[in-house]
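*Asks:* Here you go, one structure.
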Amino acid sequence: MRVLSGIQPTGRFHWGNYFGAIRQYVQLQYQAEEAFYFIANLHALTTIRDRELLKQYTLDAAIDLLALGIDPDRATLFVQSDVPQVCELCWLLMTVTPMGLLERCHAYKDKKAKGLPADAGLFTYPVLQAADILAYDSDTVPVGEDQVQHIEVCRDVAQSFNSRFGPTFVLPEARVMRDAARVPGIDGEKMSKSYNNTIDIFDPPEVVRKKVMRIKTDCRPPEEPKDPDTDTLYQLYSLFAPPAEREAMAARYRQGGFGYAEVKTALADLAVNFFTEARERRRELEAHPARVREILGDGAAKARRKAAEVLRRAKEACGVIY
């Protein structure tokens, strides 16, 4: 199994990023024959147009991923733009990609439906994403249920190329991360930077506690029983609590007789403790940025070797190499 996934450096990672994807990346690096994880800074250009900010976010993403458990001895970690073969492969794929396929993609359709401007980068985003996947002969791509369409598009594009020029690309399979959590933000909506409702993984403990205390709750009196399965605060508590503590808290919800401030305090304590070791690793990595760049450089060199092999195969198939 060769696993590949990418994550955009559009800001500091939050609880939703960790429990929705990064936790699974760490687990899969021990299960896969090879794992390629990249920081998708080219994709981020569709939303970030500040040069210095993008550079900083890219380095921060690398430090965060390493601190959270990505092991460069087990996984290849690199920056997307350090593998130029992917952009060349993207052009080859665009020549066989139907316009209608891209017009049906969610991100483009959603922007158009809302009357928002959509540039060519957003429109062709799925083809670059397909190139990211196909460049490494990836056969497994971990995704959330809402991202399965991306893999279907990749397969369609690869099959279109293969049918015209002969078998060239490995067709990837989506690995739907069933244990990936849908993490609510402090307002109850899905945790997302675009909603400004996040709690960042590496926020200082005092900031974490302050944000937790702002989590939206209902106005029911303490003595009234509550359903833990529909409660945002309990859903967040469940991410961090061991099974026994989770069940005990659920029982208290159903019984009633407690205040939400009590749960918020318990959640803040668990969350701060949960990321303590990662926070210490991050401080050490941040103090040695040359080491982080060395890891990214080694990862990019390995990624380029594989991508060059696949690109040459594709160019020979369609006649660009003569």
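*Asks:* Going through the range 154-183 one residue at a time, which ones are open to solvent by less than 20 Å² (accessible area, probe 1.4 Å), at pLDDT 95 or above and not small (Gly, Ala, Ser)?
*Replies:* Within the range 154-183, CYS154, VAL157, PHE161, THR168, PHE169, PRO172 qualify.
*Asks:* Quick one: count up the residues across the range 44-91 that are open to solvent by less than 60 Å² (accessible area, probe 1.4 Å) and touching a Pro at 6+ places or on another chain (Cβ under 9 Å).
*Replies:* Summing the residues that are open to solvent by less than 60 Å² (accessible area, probe 1.4 Å) and touching a Pro at 6+ places or on another chain (Cβ under 9 Å) in the range 44-91 gives 12.
*Asks:* Within the range 191-208, is there a residue that is in a loop (DSSP other than H, G, I, E, B), in contact (Cβ under 8 Å) with a residue 40 or more places away in the chain and over 21 Å from GLY69 (Cβ atoms)?
*Replies:* yes
*Asks:* Can I ask one more? Can you find a residue that is under 30 Å from ILE63 (Cβ atoms), over 22 Å from the mean Cα position of the chain (by Cα) and surrounded by fewer than 18 Cβ atoms within 10 Å (Cβ to Cβ) anywhere in the range 243-251? Quick ask: steps written out before the conclusion?
*Replies:* Taking the range 243-251 as the starting set, the residues that turn out to be under 30 Å from ILE63 (Cβ atoms) are none.
Looking through the range 243-251, none of the residues is under 30 Å from ILE63 (Cβ atoms), over 22 Å from the mean Cα position of the chain (by Cα) and surrounded by fewer than 18 Cβ atoms within 10 Å (Cβ to Cβ).
*Asks:* Is it true that ALA35 is small (Gly, Ala, Ser), farther than 19 Å from GLY121 by Cα, in contact (Cβ under 8 Å) with a residue 40 or more places away in the chain and in a helix (DSSP H, G or I)? Explain how you work it out, then say what you get.
*Replies:* Working: small (Gly, Ala, Ser): yes; farther than 19 Å from GLY121 by Cα: yes; in contact (Cβ under 8 Å) with a residue 40 or more places away in the chain: yes; in a helix (DSSP H, G or I): no.
The answer is no for ALA35.
*Asks:* For the range 176-190, how many residues meet the condition of being within 30 Å of CYS90 (Cβ to Cβ) and either in contact (Cβ under 8 Å) with a residue 60 or more places away in the chain or out of contact with any strand residue (DSSP E or B) (no Cβ under 8 Å at 6 or more places or on another chain) (or both)? It would help to see each step written out before you state the result.
*Replies:* Restricting attention to the range 176-190, the residues satisfying the condition of being within 30 Å of CYS90 (Cβ to Cβ) are 176-177, 180, 190.
Restricting the remaining residues to those that are either in contact (Cβ under 8 Å) with a residue 60 or more places away in the chain or out of contact with any strand residue (DSSP E or B) (no Cβ under 8 Å at 6 or more places or on another chain) (or both) gives 177, 180, 190.
Of the residues in that region, 3 qualify.
*Asks:* Search the range 138-153 for residues being among the polar types (S, T, N, Q) and more than 19 Å from PHE19 (Cβ to Cβ), and hand back the single one that is surrounded by the fewest Cβ atoms within 10 Å (Cβ to Cβ). Walk me through how you get there before you give the answer.
*Replies:* Narrowing the range 138-153 to residues among the polar types (S, T, N, Q): 138, 140, 147, 149.
Add one more test, that the residue is more than 19 Å from PHE19 (Cβ to Cβ), and what stays is 138, 140, 149.
Details: SER138: 26, THR140: 20, GLN149: 15.
Across the range 138-153, the extreme among qualifying residues is GLN149.
*Asks:* If I ask for residues that are of a type in the set (Ser, Thr, Tyr), within 18 Å of GLY299 (Cβ to Cβ) and not in a strand (DSSP E or B), which ones from the range 76-101 would you list? Spell out how you get there, then give the answer.
*Replies:* First, the residues of the range 76-101 that are of a type in the set (Ser, Thr, Tyr): 76, 81, 95, 97.
Still in the list and also within 18 Å of GLY299 (Cβ to Cβ): 76, 81.
SER81 - this is the single residue of the range 76-101 that is of a type in the set (Ser, Thr, Tyr), within 18 Å of GLY299 (Cβ to Cβ) and not in a strand (DSSP E or B).
*Asks:* Follow-up question, since we're still on this one. Here are the criteria: (1) open to solvent by less than 20 Å² (accessible area, probe 1.4 Å); (2) outside any helix (DSSP H, G or I); (3) closer than 30 Å to VAL79 by Cβ. Tell me which single one ILE321 does not satisfy.
*Replies:* (1)
*Asks:* Mind checking whether some residue in the range 108-120 is at pLDDT 95 or above and among the hydroxyl-bearing types (Ser, Thr, Tyr)?
*Replies:* Step one: list which residues in the range 108-120 are at pLDDT 95 or above, which gives none.
The answer is no, given that none of the residues of the range 108-120 is at pLDDT 95 or above and among the hydroxyl-bearing types (Ser, Thr, Tyr).
*Asks:* Quick check, is LEU65 modelled with pLDDT of 95 or more, touching a strand residue (DSSP E or B) at 6+ places or on another chain (Cβ under 7 Å) and hydrophobic (A, V, I, L, M, F, W, C)? Reasoning before the result, please.
*Replies:* Working: modelled with pLDDT of 95 or more: yes; touching a strand residue (DSSP E or B) at 6+ places or on another chain (Cβ under 7 Å): yes; hydrophobic (A, V, I, L, M, F, W, C): yes.
Spelling it out, LEU65 is indeed modelled with pLDDT of 95 or more, touching a strand residue (DSSP E or B) at 6+ places or on another chain (Cβ under 7 Å) and hydrophobic (A, V, I, L, M, F, W, C).
*Asks:* Here's something else I'd like to know. Within the range 96-105, which residues are open to solvent by 60 Å² or more (accessible area, probe 1.4 Å) and either free of Cβ contacts under 8 Å to residues at least 60 places away in the same chain or touching a Phe, Trp or Tyr at 6+ places or on another chain (Cβ under 8 Å) (or both)? Don't jump to the end; show me each part of the working.
*Replies:* Let us first name the residues in the range 96-105 that are open to solvent by 60 Å² or more (accessible area, probe 1.4 Å), namely 98-99, 103-104.
Once the filter is applied, which keeps residues that are open to solvent by 60 Å² or more (accessible area, probe 1.4 Å) and either free of Cβ contacts under 8 Å to residues at least 60 places away in the same chain or touching a Phe, Trp or Tyr at 6+ places or on another chain (Cβ under 8 Å) (or both), the range 96-105 yields MET99, GLU103, ARG104.
*Asks:* Which residues, counting only those in the range 131-150, are at pLDDT 95 or above, in a helix (DSSP H, G or I) and in contact with a Pro (Cβ under 8 Å, 6 or more places away or on another chain)?
*Replies:* Listed by number, the residues that qualify are ILE133, LEU134.
*Asks:* Here are some residues: ARG304, ARG279. Which one is in contact (Cβ under 8 Å) with a residue 40 or more places away in the chain and within 21 Å of the chain's Cα centre (by Cα)?
*Replies:* Details: ARG304 fails: within 21 Å of the chain's Cα centre (by Cα).
Going through ARG304, ARG279 in turn, the sole match is ARG279.
*Asks:* Do the conditions hold for ALA244, that is, is it of a type in the set (Gly, Ala, Ser) and either out of contact with any Lys or Arg (no Cβ under 6 Å at 6 or more places or on another chain) or without any contact (Cβ under 8 Å) to a residue 12 or more places away in the chain (or both)?
*Replies:* Taking the combined requirement at face value, the residue satisfies it.
The values are calculated or read from the model by the stated rules, or taken from the named source; none is laboratory data. Note that the coordinates shown come from a computational prediction; the quantities given were computed from them, not determined experimentally. Cβ: placed from backbone, ideal geometry, glycine included. Neighbour counts: every protein chain shown. Heavy atoms of the whole protein, side chains included, go into the accessibility calculation; ligands, DNA and RNA do not. Shrake-Rupley method; radii C 1.70, N 1.55, O 1.52, S 1.80 Å.
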